[in-house]
1. Select from the range 1-31 the residues that are loosely packed, with under 14 Cβ neighbours inside 10 Å and in contact with an Asp or Glu (Cβ under 8 Å, 6 or more places away or on another chain) and write down the one among them that is modelled with the highest pLDDT.
2. Might you let me know whether the range 25-40 holds any residue that is among the small types (G, A, S), under 16 Å from F92 (Cβ atoms) and within 13 Å of the chain's Cα centre (by Cα)?
3. Which residues, counting only those in the range 15-52, are assigned to a loop (DSSP other than H, G, I, E, B) and under 16 Å from S131 (Cα atoms)?
4. Go through (1) modelled with pLDDT under 90; (2) small (G, A, S); (3) open to solvent by less than 70 Å² (accessible area, probe 1.4 Å) and name the single condition S131 misses.
5. Being open to solvent by less than 100 Å² (accessible area, probe 1.4 Å), under 20 Å from the mean Cα position of the chain (by Cα) and modelled with pLDDT of 95 or more narrows it down to one residue among V79, V109; which is it?
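The values are calculated or read from the model by the stated rules, or taken from the named source; none is laboratory data. Keep in mind that this is a model prediction, so the values were computed, not measured. Note: ideal-geometry Cβ built from the backbone for every residue, glycine included; neighbour counts use all protein chains shown. With ligands, DNA and RNA removed, areas are computed over all heavy atoms of the protein, side chains included. Shrake-Rupley method; radii C 1.70, N 1.55, O 1.52, S 1.80 Å.
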Amino acid sequence: MLRQLWVYDDRKTLICVDSYDNGVMEGRFFSPLRGMERFSSLSQFLVRMESLLEESRVPQAYTSRRSFSALLPQERAEVLPIDRRHGAKATFELQILFRQHSSWQGLVVWKDKKVEQSFRSVLELVLLMDSALRGMDGHETIKVPTSDKRHPKE
């Protein structure tokens with residue numbers, strides 16, 4: 001039996017990264033529900049995306065959200081006309097298919113290089129995006145200088 005996975009464009013989120021300095025990502029994301037929202041850090045992006053997913057209930061979470069304090073109403077971002085849908089640094093298309101195990105699973109497309117990867121957690125998504133952004137600068141890995149005198153320099 002042939003099984004087909006239906007992918008809906010209205011569930012996709014476009015992430016435009018305008019800067020990536022010392023691991024700090026800034027940019028905008030576009031969603032069908034809210035339009036454009038700006039973010040100035042990875043954590044801000046993740047919290048706003050989770051809020052968007054909770055609001056739309058698609059995909060529905062398999063676990064309930066827990067917090068230390070009562071959730072306060074969040075300020076809605078100003079919806080602006082979408083004139084630039086391309087990040088200065090990189091552009092990703094995100095489709096979250098499932099929210100299981102208190103995380104996200106789905107597909108991410110690096111639009112600039114036309115490469116698609118699936119991810120099984122938010123951490124894996126972050127690492128995929130980081131590898132793309134670091135690779136653009138030619139910094140594939142982070143090298144930490146050591147002062148260990150036990151190993152002579154070769």
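1. S19
2. Restricting attention to the range 25-40, the residues satisfying the condition of being among the small types (G, A, S) are 27, 31, 35, 40.
Those left that are additionally under 16 Å from F92 (Cβ atoms): 27, 31.
Filter again for within 13 Å of the chain's Cα centre (by Cα), leaving 27, 31.
Scanning the range 25-40 turns up at least one residue that is among the small types (G, A, S), under 16 Å from F92 (Cβ atoms) and within 13 Å of the chain's Cα centre (by Cα).
3. Residues satisfying the conditions are N22, G23.
4. (1)
5. Working: V79 fails: modelled with pLDDT of 95 or more.
None of the others qualify; the one that does is V109.
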